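Each remark here refers to the structure printed beneath this line.
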Amino acid sequence: MLILGLNMFHADASAAIVQDGEVVFAIAEERLNRHKHYGGFPSLAVKACLDSVGAKVTDIDHVAIGQDSDANLAKKVQYALSNPTKILNFIRLRQRKEATRNVRSLLANALDVDPRLLRFQEHHVEHHIAHVASAYYCSPWEEAAGFSYDGSGDFVSTMMARCEGTDIEILDRIFLPHSLGSFYTMICEFIGYKKYGDEGKVMGLAPYGKHTYCGQIGEIIGLKNGSFQLDLDYFKPLGSNQGVQIQPDGTVILARHFSERMAKLFGEPREPHTKITQREMDLAFGMQHHFEEVFFHLLNELYKKVPLENLAMAGGCALNSVANGKLFSRTSFRHTWIQPAAGDEGLAIGAALHTYHAVLKQPRRYVMKNPYLGPEFSESRIETDLKKANLQYRRFERDPLVEAVAEQIAAGNVVGWFQGRMEWGPRALGNRSIGAHPGLPNMKDTLNARIKHREWFRPFAPSIM
Ligand SMILES: [Fe+2]
């Protein structure tokens, strides 16, 4: 049985293919079209998925999409009715969703086949159910607490679940506008990081800050009855898309999240590319501090409902590795399984696995043992491409290669390391990585000047390969 999982017309569009319950290939469209966080239809990713199993789109039995615009509809309508600008936004979004909903014709167009030949059944899986599924169904566990949190998806920012066997039982949802992801995004924008996906950068700024604004930031977000709430005065009125828009070319645009009240409390917002001052560091510190307070509060509430040691987690906020590192000291969970593609590209896997287990009632047999689910290239293909590009190369066997690379790194050179299948998710984990000597002074500056062009405060991860 072939299930094609999709995240489409949403940031980090992606596709995954599940064959008889096993994820055999998964990739974000941005890796193929080089358009960061691409939010259109993942045509190239779908083609790559089909190629990986030697199938045609007409062979697909099920297509699972990690979005269900009918989910939580009553909550959406209730929110939209609260003021006229939100109603317009709500109608516009519904129209856009309707227009982009015809998966059959989208796939037929992308693959140039007659839509009448497509025989798949279509499934829509609610955003956060797909996130939880992307973690739990990839874990080795027969039972776990499930947790997902991000900016928003299908009008929800946070989901808690009990996962057992092939079932995911939803225990709680936190609806918009209350969102830990939006809280983080809003302060990131205020301190000059306005692009979709910039949150990860600001996480690296937090340790340079002090407690200065922790009190004031505590006014913006607070704990409430086992949950949390935002003081909406600090935010621009949020639409039902939480201020994220997808342009016709697939570019993801973030609308301004912060209101004038932020400037009253903290002074004028920082313009991008101007100097970062102690104020921005202290704001980043306060933001990370309160993010963690709420995160651990929610997890401890989840533990009360599902007192198991296993925690399966996904959602864009689950990429906050600083918070994740404190999980065992701040909660009673003792084992985690965090989806490597915790952001929205992971929805493709989650929707497909949820369809296989929860909808089609198929037993579990798959465990994701590593994140290497992307394409790989044969040596002959690599050699042909090197020749085509007129690049100088030398061929090594494995052991002399490792020795030569180690020598280069020891001599202070920077090495590009390309092997096997591409990583699934945003982290470079040894198959498409840059190697350099962490012990040499100025190596971080060298890497930034030559390749990464990152801000001075962003860390590099040391690893042993
Ligand atoms: Fe998400």
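What follows draws every value from the coordinates through simple rules; no lab data is involved. Since the model is a prediction, treat every value here as computed from it, not as a measurement. Note: ideal-geometry Cβ built from the backbone for every residue, glycine included; neighbour counts use all protein chains shown.
How far is the Cα center of region 1-61 from the Cα center of region 119-158, in Å? About 17 Å separates the Cα centre of region 1-61 from the one of region 119-158.
Given R₀ = 35 Å, what would the calculated FRET efficiency be for Gln78 paired with Lys56, taking r from the Cβ atoms and rounding to 0.05? Once the sixth-power term is evaluated, E becomes 0.20. Annotation for His211 and Gln245: the two label points, set 7 Å from Cα along the Cα-Cβ direction, are 4.2 nm apart.
Hey, which of these cross-link pairs are over 30 Å Cα-Cα: Lys76/Lys326; Lys275/Lys452; Lys224/Lys452?
Numbers: Lys76/Lys326 34 Å; Lys275/Lys452 19 Å; Lys224/Lys452 41 Å.
From Lys76/Lys326; Lys275/Lys452; Lys224/Lys452, over 30 Å: Lys76/Lys326; Lys224/Lys452.
Compared with the alpha-carbon gap, the fully stretched path from Glu301 to Arg330 is longer by 9.2 nm at 0.36 nm per residue.
The mean sequence separation of alpha-carbon pairs under 8 Å and at least six residues apart, normalised by the residue count of region 174-336, gives a relative contact order of 33 percent. Applying both filters, DSSP loop and at most 13 other Cβ atoms within 10 Å, to the GluC sites (Glu not before Pro) of region 105-184 gives Glu142. Computed over Cα pairs, the Kirkwood radius of the chain leads via Stokes-Einstein (0.692 mPa s, 37 °C) to a diffusion coefficient of 140 µm² per second.
For region 156-200, the residues whose backbone nitrogen is under 17 Å from a point 7 Å from the Cα of Gln229, taken along Cα to Cβ, are 157-158, 173-180, 183. Under the criterion of Cα pairs below 8 Å and six or more residues apart, the relative contact order for the chain equals 20 percent.
Across region 218-224, rounded Karplus estimates of 3J(HN,Hα) from the backbone phi angles (6.51 cos²θ - 1.76 cosθ + 1.60, θ = phi - 60°) give x, 6, 7, 9, x, 7, 7 Hz, Gly and Pro being marked x. Residue by residue, region 187-192 carries 3J(HN,Hα) couplings of 6, 4, 4, 4, 8, x Hz when phi is fed to the Karplus relation 6.51 cos²θ - 1.76 cosθ + 1.60 (θ = phi - 60°); x denotes Gly or Pro. Restriction of the trypsin sites (Lys or Arg not before Pro) in region 393-437 to DSSP coil positions whose beta-carbon has at most 13 other beta-carbons within 10 angstrom yields Arg394, Arg395.
For Leu440 and Phe418, a Förster radius of 30 Å and the Cβ-Cβ distance give a FRET efficiency of 0.85, rounded to the nearest 0.05. Where only DSSP H runs of four or more residues are counted, the chain gives -10000 deg cm²/dmol as its mean residue ellipticity at 222 nm, each run worth -39500 (n - 2.57). Counting neighbouring beta carbons within 10 Å and listing from fewest to most, the residues Phe190, Phe41, Phe377 come out as Phe377, Phe41, Phe190.
Computed from the C-beta positions of Asp70 and Val113, the FRET efficiency with R₀ = 22 Å rounds to 0.20.
In this simple spin-label model, placing a label point 7 Å from the Cα along the Cα-to-Cβ direction at both Arg395 and Glu407 gives a separation of 2.0 nm. Region 240-285 and region 349-427 have their alpha-carbon centroids 35 Å apart.
Each residue of region 326-334 was assigned a 3J(HN,Hα) from its phi angle through the Karplus curve 6.51 cos²θ - 1.76 cosθ + 1.60 (θ = phi - 60°); the sequence is 9, 4, 6, 7, 10, 9, 8, 5, 10 Hz, with glycine and proline shown as x. Ranked by how many other Cβ atoms sit within 10 Å of their own Cβ, fewest first, the residues Arg173, Arg279 fall in the order Arg279, Arg173. Which percent, nearest 5, of DSSP beta bridges in the chain are antiparallel? Of all bridge pairs located within the chain, approximately 70 percent are antiparallel. Going by neighbour counts of Cβ atoms within 10 Å, the residues Val359, Val132 line up, fewest first, as Val359, Val132. Projecting the Cα atoms of Ile217, Met1, Ala352 onto the dipole axis of the chain, where Lys and Arg carry +1 and Asp and Glu carry -1 at the beta carbon, places Ile217 farthest toward the positive end.
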